[in-house]
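The values are calculated or read from the model by the stated rules, or taken from the named source; none is laboratory data. All values reported here derive from a predicted model rather than from experimental measurement. For neighbour counting, all protein chains shown are included, and Cβ atoms are generated from backbone atoms with ideal geometry for every residue, glycine included.
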Amino acid sequence: MTQFTFDAPTVIRVKRDGGRLSDEAVDWVIDSYTHGRVADEQMSALLMAIFLRGMDRGEISRWTSAMIASGERLDFSDLGRPTVDKHSTGGVGDKITIPLVPVVAACGAAVPQAAGRGLGHTGGTLDKLESIPGFTAEISKAQVRQQLSEIGAAIFAAGELAPADRKIYALRDVTGTVESLPLIASSVMSKKLAEGADALVLDVKVGRGAFLKTEAESRELAATMVELGLAHGVPTVAVLTDMDIPLGRTVGNALEVAESLEVLAGGGPDDVVELTVRLAREMLALAGIDGRDPAQTLHDGTAMDHFRALVTAQGGDVHAQLPIGAHSETVPAPRGGTMGDIDALAMGLAVWRLGAGRAAPGQPVQFGAGIRIHRRPGEPVSAGEPLFTLYTDTPERIPAAMGELDGAFSVVDVPPKSLPGSLRSCPPNPRPLIIDRISR
Ligand code: URA
């Protein structure tokens, strides 16, 4: 048998110079990095080379398999009810997992949701949920299984699932290597395939607030991930959704939890409700559950009951006050008219600057940092009224956040019109929230 020997500088040079990584090189580098034999600085260089040079589908597939093999793979085949999960490629104000998981559980499926922390300018479900006093995402496999069988839902840190992704994800967050199709596809799919759900729905973001900026790239990402899922025997569907403007009226950890509670109570912004219900329908169809209306669970209290049960099981206090930044500042409307555009990327960066995300690995985040959006595209605006409120515990961060908002929104002359939930951005470029569905 041929014995392959590798070293990090050679592997880095192959990719740096535009070469293809062999299956053996991929297996070696992922295993060595997971076990501390490849240093962070070496993996950072390789990630940057991948960012710049890309990987073909074969390399992505092997990289994903190697990340899955770096840890354990859960198996819920004996649970007695179908399991299904969704994952988003990352957006701004994207709190959908929080209402979605209990909605789907209330309809009879079980959702083992291995979630992530904030990445780049986007927030992470775990950082959001940890803003609930007492809530922990660090739960044992036994507890995940127990919650799935009793409540139908668990939202947990990936832990021993794809530990290579955990390390690489944290490194990408602080080395400018997030926005890479191969790295996003392998990161999402390694966690999701290791968590053992029977089926997967992917919410692939398109637009300024997404990691990949063009629709063509997002389509390629969706197709790549659907293929990876199917290759591993997991029925997988992707929905392309708009991320040109933020979802809902809040961006930031605790603010997004509060808005999710409004949705679970039967209210909340149209776009958050629409996307929650659409993704729930996709998940239930893949899980083979019909006859249950996910929208109904938001009105009859059953989704809220499941959310409270989940939070309580994971140590959270459902009655506790959610934190809010001690300092706030408003952005007034420069003139009257109609709210025009809101740039999701600028909003995400502003919230990150307020303290909601990390600039170094492992840094704590501010749960109360964020932005409340008072006027959404298409809504009437009076001169001088607050358009946005910024929150942070560290007021010295406010000027930089304000700088991000400079030029990031507009108030326009077109007559106010209330846009239906399926049209998000303002005329002249109204765009649907749900852009397409990709399956095979
Ligand atoms: N979500 C992930 O899990 N990984 C990414 O790279 C992007 C979004």
Could you check, for region 174-190, whether at least one of its residues is within 13 Å of the ligand (Cβ to nearest atom), buried (at least 22 other Cβ atoms within 10 Å of the Cβ) and modelled with pLDDT under 95? no
For region 191-211: of the residues being crowded, with 23+ Cβ neighbours inside 10 Å and farther than 24 Å from Ala110 by Cα, which is nearest to the ligand (Cβ to nearest atom)? Phe211
Assuming Glu379 fulfils every condition listed in (1) in contact (Cβ under 8 Å) with a residue 60 or more places away in the chain; (2) of a type in the set (Asp, Glu); (3) surrounded by fewer than 17 Cβ atoms within 10 Å (Cβ to Cβ) apart from one, which condition is it? (1)
All-but-one check, Ala142 against (1) more than 16 Å from the ligand (Cβ to nearest atom); (2) touching a strand residue (DSSP E or B) at 6+ places or on another chain (Cβ under 8 Å); (3) farther than 21 Å from Val318 by Cα, failing number (2)
Of the residues Thr338, Thr302, Thr297, which is hydroxyl-bearing (Ser, Thr, Tyr) and either within 18 Å of Met402 (Cα to Cα) or surrounded by fewer than 19 Cβ atoms within 10 Å (Cβ to Cβ) (or both)? Thr302
Got a sec? Which helices (runs of 4 or more DSSP H) wholly within region 1-83 have at least 2 residues that are touching an Asp or Glu at 6+ places or on another chain (Cβ under 6 Å)? 57-69
Identify, by number, the condition in (1) within 30 Å of Ile289 (Cβ to Cβ); (2) more than 16 Å from the ligand (Cβ to nearest atom); (3) surrounded by 17 or more Cβ atoms within 10 Å (Cβ to Cβ); (4) assigned by TED's automatic domain parsing to the domain that holds Asp290 that Ser131 doesn't meet. (1)
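Does Ser186 qualify as being farther than 15 Å from His87 by Cβ and in contact (Cβ under 8 Å) with a residue 60 or more places away in the chain?
no
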If I go through region 60-105 residue by residue, how many of them are of a type in the set (Phe, Trp, Tyr) and closer than 29 Å to Ser260 by Cα? 1
Among Val104, Val84, Val26, which is the only one that is closer than 21 Å to Lys167 by Cβ and of a type in the set (Val, Ile, Thr)? Val26
Please tell me if Gln113 is of a type in the set (S, T, N, Q), more than 13 Å from the ligand (Cβ to nearest atom) and under 27 Å from Pro82 (Cβ atoms). no
Here is a list: Leu240, Leu230. Which entry is in contact (Cβ under 8 Å) with a residue 60 or more places away in the chain, more than 25 Å from Glu72 (Cα to Cα), more than 14 Å from the ligand (Cβ to nearest atom) and among the hydrophobic types (A, V, I, L, M, F, W, C)? Leu240
